[in-house]
Amino acid sequence: MDIPREDPLAAVSPLDGRYAGRTAPLVPYASEAGLIRARVRVEVEYLLALAAEPAVGVSLSAAERDALRSVVGEFDAEDARLVKRLETDGAEGYAATNHDVKAVEYFLRTETPERVHPWIHFGLTSEDVNNLAHRLLVEPAVEDVLVPALRDVRDDLTAMAREHRDLPMLARTHGQPATPTTFGKELAVYAARLGKSLGRIADAREGLSGKLAGASGTYAAHRAAYPDVDWRTFSREFVTSLGLDHAPLATQVNPCDDLAALFDALRGANDVLLDLDRDMWLYVSDRYLGQEAAAGETGSSTMPHKVNPIDFENSEGNLSKANSDLTFLADYVTTSRLQRDLSDSTVKRNVGAAFAHCLIGYTKTKAGLEKVTPNEQVMREDLEANPEVIGEAVQTILRREGDTGAYERVKELTRGSRTTLEAFHGLFDDLDVDESTREELGALAPTIYVGYGGDLVDELDGRLDDDS
């Protein structure tokens with residue numbers, strides 16, 4: 001087949017093919033062009049910081065400083081392509097570097113006067129640039145793309161929980177009929193869990209840290225050139241100016257425990273949604289939830305009647321893939337042989353792919369929630385068909401009245417067999433209890449045995465905020 005490489009149909013990954021439209025918000029942070037621009041930003045900010053250090057022998061005029069900032073602000077696709085040509089083919093009088101950060105240095109030479117060239121990338125190792133660049137991409141990718149998508153799901157769950165706070169529903173523990181709940185309370189559980197997960201993500205994002213300390217983390221080249229400059233203070237001030245915490249102790253590599261914590265926090269949120277996706281799938285299967293049929297949509301190529309819970313299924317698949325990637329990333333990026341090996345370089349390029357699977361999962365869960373509606377009649381019929389679930393209340397009330405054989409009596413009536421409310425009433429007639437207790441027992445019914453189910457939805461107030 002002769003398909004142009006830029007055509008999504010030619011993509012070897014579904015993230016840039018089938019799902020390209022859904023993953024587009026991550027392009028500025030997860031693409032090669034985004035990484036190149038972030039490196040340019042770090043190099044420019046570093047050069048500006050050097051020029052502001054009186055003891056260092058480089059000075060920049062106001063016009064030159066503005067011009068440098070414009071290189072970052074106006075960086076476009078053509079600039080990114082030039083950097084790539086400098087790396088792979090050579091350009092602008094430079095031979096191919098076969099080194100991505102060195103190509104950025106040469107690119108900046110094409111944008112600056114020759115007297116500045118010795119100070120571009122002065123005393124740095126590539127990892128000084130890369131560790132900062134990656135974090136400058138990860139932070140907004142999470143804050144501006146992933147977190148808003150998660151909040152949208154949380155907000156939808158909250159709205160649905162409040163709308164259906166009092167809708168009684170048969171619960172199932174171990175897959176078997178159990179004490180009734182309300183549909184709203186079950187959704188509130190997920191909304192609260194997502195709120196906590198968002199808080200953990202916020203904490204991890206705020207803990208991202210950067211390193212700028214040279215080839216072995218000792219500032220050796222910097223100190224050799226300018227021994228009177230306090231390079232540790234310089235590094236701390238520079239890194240924090242980028243909005244990152246400063247990592248004072250490092251090898252050539254910035255220890256990536258901060259990234260691992262963020263990946264783990266995202267995985268925790270994904271686990272909540274995976275649990276939700278599977279529950280919603282089961283509710284659809286049990287006909288507790290009806291689904292809106294989209295006009296023109298096909299559910300099955302052979303069974304015309306099908307309306308499948310495809311959004312929850314798609315979310316489950318993507319979030320499972322995301323979690324596999326995030327687990328691998330968290331394990332891998334925290335290790336490096338001795339002071340440096342390069343195996344993590346290619347691994348870190350896959351962070352965007354993990355984030356993309358997260359984003360698809362979040363948007364698909366939201367789409368699934370928007371299509372479902374509780375089937376109150378089916379829920380009520382299922383409750384009425386399982387009167388044995390009031391057995392818990394019966395034996396608990398009888399215990400209150402001092403009946404030591406209450407549990408066994410109810411167990412004999414209900415365990416492993418179907419029963420009826422009438423059978424319960426027959427049991428009540430034979431009990432040695434006062435009339436008020438008999439009336440209390442007789443009033444029990446599965447549709448009203450929901451405890452504080454509806455009221456618990458109100459517990460969401462104050463349990464949804466992360467850092468917003």
(message) Looking at Val272, Val284, Val253 in this structure, which one is in contact (Cβ under 8 Å) with a residue 24 or more places away in the chain, of a type in the set (A, V, I, L, M), touching a helix residue (DSSP H, G or I) at 6+ places or on another chain (Cβ under 7 Å) and part of a helix (DSSP H, G or I)?
(response) Val272
(request) Go through the residues of the stretch 142-157 one by one and say whether even a single one is touching a Lys or Arg at 6+ places or on another chain (Cβ under 7 Å), surrounded by 21 or more Cβ atoms within 10 Å (Cβ to Cβ) and in the same structural domain as Ser216 (by TED's automatic domain parsing). (result) yes
(message) Please go through the stretch 174-216 and give me each residue that is of a type in the set (Val, Ile, Thr) and under 26 Å from Arg267 (Cβ atoms), ordered by number.
(response) Val189, Ile201
(message) Please verify whether Glu45 is modelled with pLDDT of 95 or more, over 33 Å from the mean Cα position of the chain (by Cα) and assigned to a helix (DSSP H, G or I), treating the condition exactly as stated.
(response) no
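Listed residues Thr23, Thr88; which is of a type in the set (S, T, N, Q), modelled with pLDDT of 95 or more and out of contact with any Gly (no Cβ under 8 Å at 6 or more places or on another chain)?
None of the others qualify; the one that does is Thr88.
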(request) Would you mention how many residues in the stretch 193-246 are of a type outside the set (D, E, K, R), in contact (Cβ under 8 Å) with a residue 12 or more places away in the chain and either not assigned by TED's automatic domain parsing to the domain that holds Arg154 or not in a loop (DSSP other than H, G, I, E, B) (or both)? (result) 20
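Working carefully through the options Leu242, Leu282, find the one that is in contact with a strand residue (DSSP E or B) (Cβ under 8 Å, 6 or more places away or on another chain) and at pLDDT 95 or above.
Going through Leu242, Leu282 in turn, just one is in contact with a strand residue (DSSP E or B) (Cβ under 8 Å, 6 or more places away or on another chain) and at pLDDT 95 or above: Leu242.
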(request) Would you mind stating whether Leu26 is touching a His at 6+ places or on another chain (Cβ under 9 Å), over 20 Å from Thr110 (Cα atoms) and surrounded by 13 or more Cβ atoms within 10 Å (Cβ to Cβ)? (result) no
(request) Check Tyr94 against each of (1) modelled with pLDDT of 95 or more; (2) touching a helix residue (DSSP H, G or I) at 6+ places or on another chain (Cβ under 6 Å) and name the one condition it does not meet. (result) (1)
(message) Residues that are in a helix (DSSP H, G or I), buried (at least 17 other Cβ atoms within 10 Å of the Cβ) and modelled with pLDDT of 95 or more: does the stretch 56-63 have at least one?
(response) no
(request) Please tell me if Leu282 is closer than 29 Å to Leu383 by Cα and either surrounded by fewer than 18 Cβ atoms within 10 Å (Cβ to Cβ) or not charged (D, E, K, R) (or both). (result) yes
(request) May I ask you to say which residue of Arg39, Arg18 is within 29 Å of Val147 (Cα to Cα), of a type in the set (Lys, Arg), at pLDDT 80 or above and surrounded by 22 or more Cβ atoms within 10 Å (Cβ to Cβ)? (result) Arg39
(request) Tell me which residues, restricted to the stretch 429-438, are farther than 12 Å from Ala406 by Cβ and surrounded by 11 or more Cβ atoms within 10 Å (Cβ to Cβ). (result) Arg438
(request) Just give me the residues in the stretch 402-428 being closer than 15 Å to Glu384 by Cβ and of a type in the set (Lys, Arg), in sequence order. (result) Arg418
(request) Answer yes if at least one residue in the stretch 324-333 is over 31 Å from the mean Cα position of the chain (by Cα), among the hydrophobic types (A, V, I, L, M, F, W, C) and at negative phi, and no otherwise. (result) no
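Residue by residue, here is whether (1) under 30 Å from Ala149 (Cα atoms); (2) polar (S, T, N, Q); (3) touching a residue at least 40 places away in the same chain (Cβ under 8 Å) holds:
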{"site": "Thr365", "(1), (2), (3)": "yes, yes, yes"}
{"site": "Val372", "(1), (2), (3)": "yes, no, yes"}
{"site": "Gln377", "(1), (2), (3)": "no, yes, no"}
{"site": "Glu384", "(1), (2), (3)": "no, no, yes"}
{"site": "Glu392", "(1), (2), (3)": "no, no, yes"}
{"site": "Leu413", "(1), (2), (3)": "no, no, no"}
{"site": "Glu435", "(1), (2), (3)": "no, no, no"}
{"site": "Gly442", "(1), (2), (3)": "no, no, no"}
{"site": "Pro446", "(1), (2), (3)": "no, no, yes"}
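Going residue by residue through the stretch 413-421, is there one that turns out to be on the phi > 0 side of the Ramachandran plot, surrounded by fewer than 15 Cβ atoms within 10 Å (Cβ to Cβ) and among the small types (Gly, Ala, Ser)?
Yes.
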(request) Would you mind telling me which numbered condition in (1) modelled with pLDDT of 95 or more; (2) touching a strand residue (DSSP E or B) at 6+ places or on another chain (Cβ under 8 Å) Asn254 fails? (result) (1)
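The values are calculated or read from the model by the stated rules, or taken from the named source; none is laboratory data. These numbers were taken from a predicted model, which means no experiment stands behind them. Virtual Cβ from ideal backbone geometry, glycine too; neighbours counted across all protein chains shown.
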